[in-house]
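The values are calculated or read from the model by the stated rules, or taken from the named source; none is laboratory data. The structure presented is a predicted model; accordingly, all values stated were derived computationally and were not measured. Methodologically, a virtual Cβ is constructed for each residue, glycine included, from the backbone with ideal geometry; neighbour enumeration extends over all protein chains shown.
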């Protein structure tokens with residue numbers, strides 16, 4: 001295991017065979033280690049589904065992470081509301 005503080009890794013699952021098609025799930029793991037606290041954070045997120053057909057064609061279907069988009073929008077709204085409130089207090 002690496003001793004780095006931040007590690008980003010892309011993992012692919014074992015193939016799941018359905019009739020003549022193989023499916024593999026691809027995910028991304030982000031690990032943040034905090035050696036001072038003997039702990040850290042691990043965030044797993046889906047990235048794509050890789051489809052391999054019997055005739056040898058590969059197709060990658062990306063997975064949209066809607067939750068991350070919503071969290072970013074809510075964070076932007078919170079920061080803008082805070083800054084707007086702070087600006088109004090100084091001008092009043």
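For segment 38-56, which positions are in a strand (DSSP E or B) and closer than 23 Å to residue 22 by Cα?
44, 45, 46, 47, 48, 49, 50, 51, 52, listed by residue number.
I need the full set of residues from segment 20-35 which are at pLDDT below 90 and not in a strand (DSSP E or B), in order please.
35
Tell me whether segment 36-48 contains one or more residues that are at pLDDT 95 or above and under 15 Å from residue 61 (Cα atoms).
yes
Note down all Cβ pairs under 6 Å where the first residue falls in segment 57-83 and is at pLDDT 90 or above, the second is surrounded by 10 or more Cβ atoms within 10 Å (Cβ to Cβ) and part of a strand (DSSP E or B), and they're at least six residues apart or on different chains.
58/52; 59/51; 60/48; 60/50; 61/49; 62/48; 63/46; 63/48
Under the condition of being under 20 Å from the mean Cα position of the chain (by Cα) and assigned to a strand (DSSP E or B), which residue from segment 2-19 is surrounded by the most Cβ atoms within 10 Å (Cβ to Cβ)?
7
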